[in-house]
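A.B. asks: Can you keep this structure in mind? I'll have questions shortly.
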Amino acid sequence: WAPRNNIERMSIAEAFALFSRHRFQLVSKTIKEFDEILAYSQHPFVKFQRARIFQDIIKQNGTKPEYLNIITKSYEEAIWSMTYDYTYMLQTKSYAATLWFYALFLMNTFDDHSTGVQYLEKAYEWHVEYKIDKETQNKIANDLKSTYWALYKKTKNNAYKAERDRVILL
């Protein structure tokens, strides 16, 4: 996640540690702790970690609109900050992972395959370009193929079938 300074390094460490602590504390305390971390650093990992933790909170406590808003906002802010502020991260696996996880969240939570497929396509293209992790590339490719198929079944648009057939598994 390549922090730029010690404050970001400490913020990342705090957000990472919060993942193991959040199950043993009230959600309001987790929200407060993230607010404190984000007051010091807007690093994309902190936002990514907030999304992941709130996805876990939903699994434990059930879905609440405020949690869904936190997750959506966190992923979008992480992607935005990597795209415009932390541009050096566009060449990292972290960028592709954020896109992938957000796509899965959109599709699994909101049944939003149309938006999810856009993020999956970017994550897949990243893996094709950088050729770093074949196993993850295949997982993303499978998710992308499944999404194209779901969109085809929903719309009967043959373009989705054609796109599905163009996705290559290694």
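A.B. asks: From the list K131, K59, which residue is surrounded by fewer than 13 Cβ atoms within 10 Å (Cβ to Cβ), at positive phi and of a type in the set (K, R)? Reasoning before the result, please.
C.D. replies: Values: K59 fails: at positive phi.
Checking each option against the conditions leaves just K131.
A.B. asks: Given the criterion over 17 Å from the mean Cα position of the chain (by Cα), among the hydroxyl-bearing types (S, T, Y) and assigned to a helix (DSSP H, G or I), identify the matching residue among S20, S74. First the steps, then the outcome.
C.D. replies: Details: S74 fails: over 17 Å from the mean Cα position of the chain (by Cα).
Going through S20, S74 in turn, the sole match is S20.
A.B. asks: Could you list, in sequence order, the residues of the range 76-103 that are in contact (Cβ under 8 Å) with a residue 60 or more places away in the chain and open to solvent by 30 Å² or more (accessible area, probe 1.4 Å)?
C.D. replies: Across the range 76-103, the qualifying residues are Y88, T92.
A.B. asks: Then there is this: Where in the range 81-170 are there helices (runs of 4 or more DSSP H), lying wholly inside it, with at least 3 residues that are within 25 Å of R52 (Cβ to Cβ) and among the aliphatic types (A, V, I, L, M)? Can you show your working first?
C.D. replies: Details: elements: 93-110, 113-130, 134-155, 158-166.
Counting at least 3 such residues, we get 93-110, 113-130, 134-155.
A.B. asks: Taking the conditions exactly as written (touching an Asp or Glu at 6+ places or on another chain (Cβ under 7 Å), surrounded by 13 or more Cβ atoms within 10 Å (Cβ to Cβ) and among the hydrophobic types (A, V, I, L, M, F, W, C)), does L106 satisfy them or not? Spell out the reasoning first.
C.D. replies: Details: touching an Asp or Glu at 6+ places or on another chain (Cβ under 7 Å): yes; surrounded by 13 or more Cβ atoms within 10 Å (Cβ to Cβ): yes; among the hydrophobic types (A, V, I, L, M, F, W, C): yes.
So L106 passes the test.
The values are calculated or read from the model by the stated rules, or taken from the named source; none is laboratory data. All of these numbers come straight from a predicted model, not from anything done at the bench. Cβ: placed from backbone, ideal geometry, glycine included. Neighbour counts: every protein chain shown. SASA here: full protein model, heavy atoms, side chains in, ligands and nucleic acids out. Shrake-Rupley method; radii C 1.70, N 1.55, O 1.52, S 1.80 Å.
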